[in-house]
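Bear in mind these aren't lab numbers, they're just calculated from the coordinates by the rules spelled out. Model, not experiment: these values are computed from the prediction. Glycine also receives a Cβ, built like all others from the backbone with ideal geometry; neighbour counts cover every protein chain displayed.
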Amino acid sequence: MDDVGLSTLDSAIILVYIVGIIWYGIRKGKQSDSEDYFLGGRSMTWPIVGISLFAANIGSNTLIGLSSSAFQGNVAVYNYEWMAAVVLVFFAIFFLPFYLRSKVYTMPEFLERRYDTRCRYLFSVIMIIGNIIIDMASGLYAGNLILKIVFPEIDSWIIISLLALSAAAYTIPGGLSSAVHTEVLQALLLIAGSCLLTWFCFREVGGWDGMIAGLDAMFNSGEIRQSPDDVLSLIKPADDPQMPWTGLLLGVPLLGFYFWVNNQFMVQRVLSAKDLNHGRWGALFAGLLKLPVLFIMVIPGVVAIVLFSNLDISFLGYQIPLENGGQALCTRLNDCPNMTYPVLIYKLLPVGILGLVVAGILAAMASSISATLNSASTLITMDFVTKLRPDIDNKRLVRVGQITTVILVILAAAWAPQIERFSSLWEYLQSVLAYISPPIAAAFLVGLFYKRANARGAFASLLIGYAVSISFLVAKTNDWAPAITHIHFLLQVPALLLICAVANIAISTSAAPPGEAVVKNYTWSREIFRAETRELAGLPWYQNYRILSVGLLAVTFAIVAAFW
């Protein structure tokens, strides 16, 4: 693989893209007041909302994670993608109307209105930490993997710092409007690049039949332990180490619920919608965009099994973690699956197209980083600064948001190199998310559907949930109580959520119920559904989100059935 590198044309394409996207982002920015800066003036239409949701989600970390998991024979990683469509339907039906009608800036602010200020502060702190160590840091780390293959002599911290600077260059001055408008262009470039890579993958391997034949030959020779049918199956046995079907049924929807319904950096895009209909259509459109990911981002990782399993990449100097805590040189792609996507693009794509695809990958990284930067600065500014300084004017509030963004970039860049300690990027993302999300998801679910839930129960359940999470993490790290800590993390998620939900309901009975206004404005009821039915009666089918939701679910389950 010593022939990899960027031609002058490829480098020029990437440079022009970076300069152009920064210019476009600054030009599209809004900062006249806090609503403009943090929510784009609440004026986004459904295509913008949907594409920006997709772009913010499909960052370079997702590209690296999906392809590396597929390369390891775990196409079931796609279950996270199609489940997003199901979760977004649930979001559009139940939660989104409450979010938009409340006119909140942040998800912790909504939790405060349903419960109290303590819940808001705790949730906000947890989410800010998560934004830094999950979303921003992993995006920077993945971008580093892409460029490290071309510039192996440059230290990772230098590459990460430059990537962070480029992502922040338009987010800091322009806010959410800059992030959203650039995400539209970046999503289109990312999809085009992924389609091109898939085409070149199949051309090299001999099409779908060639891929199956290659997998079958490797299985028969003992090079891989799974048959082609097993590799391409989405539904795995209950003892599968990657994604047991029980975890798919119980754990994946809950992780998706936190990510799409509670996570500030995703929900903030929907909060910018001009009205409820555009918010709902945008959410469903994002779900639709997630479905082709199987073919253009996951399957190329399967092709890499046939083409590059034993490829020597020792010249990169890439290090992998050892069980004793040390590091070893990675000599084969099999030993460091995180390099699957970089290997695919540098080995298969011709000059010019390579530059376009690398630009698309950097676009994906910039999308996720800019999304997270803006949401985290929104959390700090709106959940803490406005509370401490309620008299602060809009201009100074925007300036605080900009300064906060700079600090967050520095923190994320400093943490990103630590991800190398994990065996894979996808393991890092899902493991951390599994400990952060259940207490929050439980608070939102109980709060919307159980009218008796109150502040005492919610706050206690959050404390109990994170105490259990930390205890479990410490026990797992030290290999205490292996019978419990070795339970698959996708089964730990529903167990932790159940603990938090039961605690919320039980402890809520020891205090007075919430006020009538809280119950009316922040809990779901059948009357809301009936009133909405009357409103939808006069709309044509293509504007009725319920009909569109049924169509999206039908397409989703057809794909799942085809790869069962």
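Counting every other Cβ atom within 10 Å of each residue's Cβ, Val560, Val302 order from fewest to most as Val560, Val302. Using equal-weight Cα scatterers in the Debye expression, the normalised intensity of the chain in log10 at q = 0.08, 0.09 Å⁻¹ is -0.52, -0.66. Measuring between alpha carbons in the structure, the pairs from Lys148/Lys347; Lys103/Lys387; Lys274/Lys451 lying more than 20 angstrom apart are Lys274/Lys451. Remark on Arg332: its backbone amide H falls under 5 Å from those of Ile313, a criterion applied only to residues 5 or more positions apart or on other chains, H modelled at 1.01 Å from N. Phi angles across segment 237-254 convert, under the Karplus curve 6.51 cos²θ - 1.76 cosθ + 1.60 with θ = phi - 60°, into 3J(HN,Hα) values of x, 5, 9, 5, x, 8, 8, x, 4, 5, x, 4, 6, 9, x, 4, x, 6 Hz, Gly and Pro given as x. Taking every full run of DSSP H in the chain, the ones that stretch at least 27 Å from end to end by Cα along their long axis and average 1.6 or higher on the Kyte-Doolittle scale are 353-380, 489-508. Along segment 518-524 the Karplus relation, 6.51 cos²θ - 1.76 cosθ + 1.60 evaluated at θ = phi - 60°, assigns HN-Hα couplings of 5, 4, 5, 8, 10, 10, 7 Hz to successive residues, with x for each Gly and Pro. Close amide-amide hydrogen proximity is noted between Leu6 and no other residue 5 or more places distant or on a separate chain, at a cut-off under 5 Å (H modeled in the peptide plane; Pro and chain starts excluded).
Once backbone amide H atoms are built at 1.01 Å from N, Lys236 has Trp245 as its partners under 5 Å, excluding neighbours fewer than 5 places away on the same chain. Cβ crowding within 10 Å, taken as a proxy for footprinting-reagent exposure, orders Trp208, Trp415 from fewest neighbours to most as Trp208, Trp415. Loop-resident trypsin sites (Lys or Arg not before Pro) (DSSP state other than H, G, I, E or B) in segment 103-150 with no more than 16 further Cβ atoms inside 10 Å of their Cβ: Lys103. Taking the helices alone, the chain has a mean residue ellipticity at 222 nm of -22000 deg cm²/dmol, built from -39,500 (n - 2.57) per DSSP H run of at least 4 residues and averaged over all its residues. Per residue, the average separation of C-alpha pairs within less than 8 Å and at least 6 apart gives the chain a relative contact order of 29 percent.
The residues Tyr542, Tyr450, Tyr466, when put in order of fewest to most other Cβ atoms within 10 Å, stand as Tyr542, Tyr450, Tyr466.
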